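Chemist: Sending over a structure as structure tokens; questions will come in a sec.
The values are calculated or read from the model by the stated rules, or taken from the named source; none is laboratory data. What you see is a predicted model, and the numbers here were worked out from it, not measured in a lab. With ideal geometry, Cβ positions are generated from the backbone for all residues, glycine too; neighbour counts draw on all protein chains shown. Keep in mind that these areas ignore ligands, DNA and RNA; they rest on the heavy atoms of the full protein, side chains included. Shrake-Rupley method; radii C 1.70, N 1.55, O 1.52, S 1.80 Å.
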Amino acid sequence: MNSTEDAIPEFEVENDQQAMAMALIQAGFGMLNTTPNPRVGCVIVKDRLIIGAGFTQPPGGNHAEIQALADAAARGHDVRGATVYVTLEPCSHFGRTPPCADALIHAGVGRVVAAIADPNPQVAGQGLARLQAAGIEVACGLLEDDAEEINIGFLHRMRTGKPWVRMKSAASLDGKTALHNGVSQWITSQAARDDGHIWRARACAIMAGIGTIQKDDAQLTVRAIDTPRQPRRIVVDSKLIVSPEARVIRGGNTWVFTATEDKQKTAALEDQGAEVIVLANAEGKVDLPALIRELGQRQINELHVEAGAKLNGSLIREGCVNELLVYLAPGLLGDGRGMFDLAPPEDLSDRVGLRFHEVKQVGPDLRILARFN
């Protein structure tokens, strides 16, 4: 039914909050493979016992509610009159699968509690309204902040048309990503590098600039952990100089954004399975805001950026970044290379503002999540 292997059979819950917390755990099981769909978890409770559980499967597969209903049936439980806890409002439209709201109505459940309303215009409250019209009690907003975090990319795309952009960097405690001569392997620990691959794995796409690709022959793949899906790879290459033999191009699954029209180079890259997209700004460089909007239209929920200081700075200046993921090692490099190529402000009041969202130690290093104001 799902890969939880009956992790919570007949688990007793004391209240709505505990039940929704279990649904959020279920949602986490789909962290790596639901894109472009949201990560949704569902548990069904009757007489204070969880009688069914499930999470959204890869695109084309069952949504969380259908998985949970099937799980309950497989366990021999009658869901009539039960309470359904789901981390996102049940869908009310036909997509790759039928509406989950209709399935819950047909099953005869008595109550549905959603953590958050779905901002998808195709749903936008209609799922809960349909349930309520069928005589089912509904509630929404329980553990909403936690549900937002699990689906931060999907929700941001539904609300703005753009993916959630997370920029990753690894540096010494004084903010240097490499020695003055360019040597950078390895500033942070293996634990931090492995953790970075976990963040890669949850993203829909990984993006770097041509400088990073040429310097490291970067693959932009998940390697440190097992993953059911490799994210899309994206190269920002204004002059279209990336080699068709580069590792980032091999095997397809790569989009190259450029400002240069070159049929011969484009054909060579397309022969390797890459797609070349021309988006030029007035300066003859890749139009970064247009790139971000294009990724939203292509259903990218979370974009993971691992670039050099130049592209990092350009993305920040253009207002394209939502969050920094920074690993700081307990060491000082002095006159080395920085994380972001940004012009110095004339006054402290003009500095780029962020707020700390999370600080955690990973091995000997610090992992900081900071979001732009």
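Chemist: Starting from 0.36 nm per residue, how many nanometres of slack lie between ALA343 and PHE372 once their C-alpha separation is accounted for?
Modeler: Working: separation 29, 0.36 × 29 = 10.44 nm, distance 1.73 nm.
My answer for the length gained is 8.7 nm.
Chemist: Calculate the translational D of segment 25-91 in whole µm² s⁻¹ from Stokes-Einstein, where the hydrodynamic radius comes from the Kirkwood formula applied to all Cα pairs, the temperature is 4 °C and the viscosity 1.567 mPa s. Let's see the in-between values first.
Modeler: Working: Rh = 11.7 Å.
It diffuses with D of about 111 µm²/s by this estimate.
Chemist: Note down the net charge around ALA208, summing +1 for each Lys or Arg and -1 for each Asp or Glu among other residues with Cβ under 13 Å from its Cβ.
Modeler: Working: positive: LYS168, ARG200, LYS215, ARG232, ARG233, ARG247, LYS310; negative: ASP216, ASP217, ASP237, GLU306.
Local net charge: +3.
Chemist: Apply 1/(1 + (r/R0)^6) to the Cβ-Cβ distance of ARG317 and GLN18, taking R0 = 56 Å, and write down the FRET efficiency to the nearest 0.05.
Modeler: Details: r = 45 Å, r/R0 = 0.81.
Calculated transfer efficiency: 0.80.
Chemist: Here's something else I'd like to know. Full extension from ASP146 to LYS215: what is 0.36 nm times the residue separation minus their Cα-Cα distance, to one decimal in nm? It would help to have the intermediate numbers written out before the result.
Modeler: Details: separation 69, 0.36 × 69 = 24.84 nm, distance 3.88 nm.
Stretched out fully, the ASP146 to LYS215 stretch lengthens by 21.0 nm.
Chemist: May I pose another question? Among DSSP beta bridges whose residues both lie in segment 163-372, state the antiparallel percentage, nearest 5. Kindly include the intermediate steps, with their values, before the conclusion.
Modeler: On the way: 17 of 44 bridges.
Roughly 40 percent of the DSSP beta bridges within segment 163-372 come out antiparallel.
Chemist: Where does the charge balance sit around ARG337 when Lys and Arg score +1, Asp and Glu -1, over other residues with C-beta under 13 Å from its C-beta?
Modeler: Working: positive: LYS176, LYS215, LYS310; negative: ASP174, ASP335, ASP341.
Its environment carries a net charge of 0.
Chemist: Can you compute the modelled spin-label distance between HIS106 and GLN122, with each label point 7 Å from Cα toward Cβ, in nm?
Modeler: Here the answer is 1.8 nm between the modelled labels.
Chemist: Can you tally the net charge around ARG229? Count Lys and Arg as +1, Asp and Glu as -1, for every other residue whose Cβ sits under 12 Å from the Cβ of ARG229. Mind showing how you got there, number by number?
Modeler: Details: positive: ARG200, ARG202, ARG232; negative: ASP226.
Neighbourhood net charge equals +2.
Chemist: As I understand it, the dipole of segment 16-155 uses +1 on the Cβ of Lys and Arg and -1 on the Cβ of Asp and Glu, about the Cα centre. Which of ALA23, ILE152, ALA117 lies farthest toward its positive end?
Modeler: My answer, from the dipole projection, is ALA23.
Chemist: Too long at a 30 Å Cα-Cα cut-off: which of LYS239/LYS360; LYS162/LYS310; LYS168/LYS285; LYS168/LYS239; LYS168/LYS263?
Modeler: Numbers: LYS239/LYS360 39 Å; LYS162/LYS310 22 Å; LYS168/LYS285 22 Å; LYS168/LYS239 24 Å; LYS168/LYS263 33 Å.
Cα-Cα > 30 Å for LYS239/LYS360; LYS168/LYS263; rest within.
Chemist: Right, here's the next one. Which GluC sites (Glu not before Pro) does segment 312-356 hold that lie in a coil by DSSP with at most 15 other beta carbons within 10 Å?
Modeler: Values: sites: GLU318, GLU323, GLU346; in loops: GLU318, GLU346.
Loop-located and lightly packed - GLU318, GLU346.
Chemist: Sticking with this structure for a sec: Are there trypsin sites (Lys or Arg not before Pro) in segment 272-373 that DSSP puts in a loop and that have at most 11 other Cβ atoms within 10 Å, and which ones? Don't skip to the end; give the middle numbers.
Modeler: Working: sites: LYS285, ARG293, ARG298, LYS310, ARG317, ARG337, ARG351, ARG355, LYS360, ARG367, ARG371; in loops: LYS285, ARG298, ARG351.
For trypsin sites (Lys or Arg not before Pro) across segment 272-373 that sit outside H, G, I, E and B with at most 11 neighbouring Cβ atoms in 10 Å, the list reads ARG351.
Chemist: Oh, and also: How would HIS357, HIS63, HIS180, HIS304 rank on accessible area, largest to smallest, probe 1.4 Å? Can you show the working numbers first?
Modeler: Working: HIS357 85, HIS63 45, HIS180 140, HIS304 0 Å².
Ranked from most to least accessible, the order is HIS180, HIS357, HIS63, HIS304.
Chemist: Among the chymotrypsin sites (Phe, Trp or Tyr not before Pro) within segment 159-213, which fall in a DSSP loop and have no more than 16 other Cβ atoms within 10 Å of their own Cβ? Walk me through the intermediate numbers first.
Modeler: On the way: sites: TRP164, TRP186, TRP199; in loops: TRP186.
Filter output for segment 159-213: TRP186.
Chemist: Could I ask something else about it? If amide H atoms are built 1.01 Å from N in the plane of the peptide, which residues on other chains or at least 5 residues away come under 5 Å of the amide H of ALA280?
Modeler: Under 5 Å from the amide H of ALA280: ASP287.
Chemist: Follow-up question, since we're still on this one. Apply the Karplus curve 6.51 cos²θ - 1.76 cosθ + 1.60, θ = phi - 60°, to the phi angles in segment 314-326 and return the couplings in whole Hz, x for Gly and Pro.
Modeler: Values per residue, Gly and Pro as x: 5, 4, 5, 4, 7, x, 9, 10, 9, 8, 9, 10, 10 Hz.
Chemist: Two decimals is fine: what's Rg over Rh for segment 212-324, C-alpha atoms, Kirkwood radius as Rh?
Modeler: On the way: Rg = 13.8 Å, Rh = 14.7 Å.
Reported Rg/Rh, Kirkwood definition of Rh: 0.94.
Chemist: Pull up all non-local amide H partners of VAL305: gap of 5 or more, or a different chain, and H-to-H distance under 5 Å with H placed in the peptide plane.
Modeler: It is ARG166, MET167, LYS168, MET207, by chain and number.
Chemist: When DSSP beta bridges are limited to those with both residues in the chain, what percentage is antiparallel, rounded to the nearest 5?
Modeler: Details: 28 of 63 bridges.
Rounded to the nearest five, the antiparallel share is 45 percent.
Chemist: Give me the distance in nm between label points sitting 7 Å out from Cα along the Cα-to-Cβ direction at GLN264 and ARG298, one decimal.
Modeler: Reported label-point gap for GLN264 and ARG298 is 2.6 nm.
Chemist: For HIS357, enumerate residues with amide H under 5 Å from its amide H, sequence gap 5+ or separate chain, H modeled in the peptide plane.
Modeler: Long-range HN contacts for HIS357: LEU369, ALA370, ARG371.
Chemist: Counting DSSP beta bridges in segment 16-155, what percent are antiparallel, to the nearest 5? Walk me through the numbers on the way to the answer.
Modeler: On the way: 10 of 18 bridges.
Close to 55 percent.
Chemist: Ratio of alpha-carbon Rg to the 2.2 N^0.38 Å globular estimate for segment 163-372, to two decimals, please. Present the calculation step by step, with values, prior to reporting the outcome.
Modeler: On the way: Rg = 16.9 Å, N = 210, 2.2 N^0.38 = 16.8 Å.
That works out to 1.01 for segment 163-372.
Chemist: Order the following by accessible area, largest value first: ASP365, ASP262. Probe radius 1.4 Å; ligands, DNA and RNA are ignored. Please list the in-between numbers first.
Modeler: Values: ASP365 5, ASP262 50 Å².
Correct descending sequence by accessible area is ASP262, ASP365.
Chemist: Using a 1.4 Å probe and counting only protein heavy atoms, arrange ASP195, ASP217, ASP145, ASP341 so the residue with the most accessible area comes first. Spell out each step's value before the answer.
Modeler: Working: ASP195 20, ASP217 55, ASP145 120, ASP341 80 Å².
Sorted by accessible area, descending: ASP145, ASP341, ASP217, ASP195.
Chemist: What percent do you get for the relative contact order of the chain when only Cα pairs under 8 Å and 6+ apart count? Intermediate results must be reported in sequence, preceding the final value.
Modeler: On the way: 839 pairs, mean separation 55.5, N = 373.
Averaging sequence separation for qualifying contacts and normalising by length gives 15 percent for the chain.
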